[in-house]
Amino acid sequence: MKRYWSLIESPFQKFAAWVDEEGRLLRFHLRAAGAAHVDPEAENNSRKLAEVQRQVSEYAQGTRRDFDLELVMEGPEFEKTVWTALRDIPYGTTTSYGAVAKTIGQPKAAREVGAANNANPIPLIVPCHRSTRRYRCQPGEHRGEFEHGSRGVHRQVDGAFTYAA
């Protein structure tokens, strides 16, 4: 199956995203650096990612709260279950890994939820920034690990929080 990628502009930063030939979102990186090397067989084609760009722009402008993109998320079943639960966290709220673990029926799996959160291949779109190690974290309250061990600080996005370099 043919894959396409493009840089996605936003006021937060530049992202990179990949879709398949049917326009389904496969991957979304919070950093654009090195995007061309992530999937060397993917064709750089901004037209194929125009819908992703449009929705990210609307989200950044505050006119969109949820994304309406078809996703193809590959990973173990447990991770897919967590990612589905993350999509159910309402805009503007945060919750803890423990609360997500309870939601999916595995109340002792908070650490595993955190690991699945970190493995999310489509951050922002699947709002892993709404689930944190502890509940009700405040902007700038703590520093933490994010995508592939890079250091980051909290930054308010949609009333919830995300990390940004």
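Quick notes on this one:
- Of the residues examined, Phe28 is not one that is within 16 Å of the chain's Cα centre (by Cα) and outside any strand (DSSP E or B).
Residues checked against (1) in the same structural domain as His29 (by TED's automatic domain parsing); (2) at pLDDT 95 or above; (3) surrounded by 15 or more Cβ atoms within 10 Å (Cβ to Cβ); (4) more than 18 Å from Leu26 (Cβ to Cβ):
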| residue | (1), (2), (3), (4) |
| --- | --- |
| Ala50 | yes, yes, no, no |
| Leu69 | no, yes, yes, no |
| Ile89 | no, no, yes, yes |
| Thr103 | no, yes, yes, yes |
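- Of the helices (runs of 4 or more DSSP H) that lie entirely inside the range 36-126, those containing 2 or more residues that are farther than 21 Å from Lys14 by Cβ and of a type in the set (A, V, I, L, M, F, W, C) span 77-87, 97-103, 110-118.
- Restricting Ala36, Ala32 to those that are aliphatic (A, V, I, L, M), under 22 Å from Cys128 (Cβ atoms) and either free of Cβ contacts under 8 Å to residues at least 60 places away in the same chain or loosely packed, with under 13 Cβ neighbours inside 10 Å (or both) reduces the list to Ala32.
The values are calculated or read from the model by the stated rules, or taken from the named source; none is laboratory data. Everything quoted here is computed from the prediction, not taken from an experiment. Cβ coordinates were reconstructed from backbone atoms using ideal geometry, including for glycine residues, and neighbour counts include every protein chain displayed.
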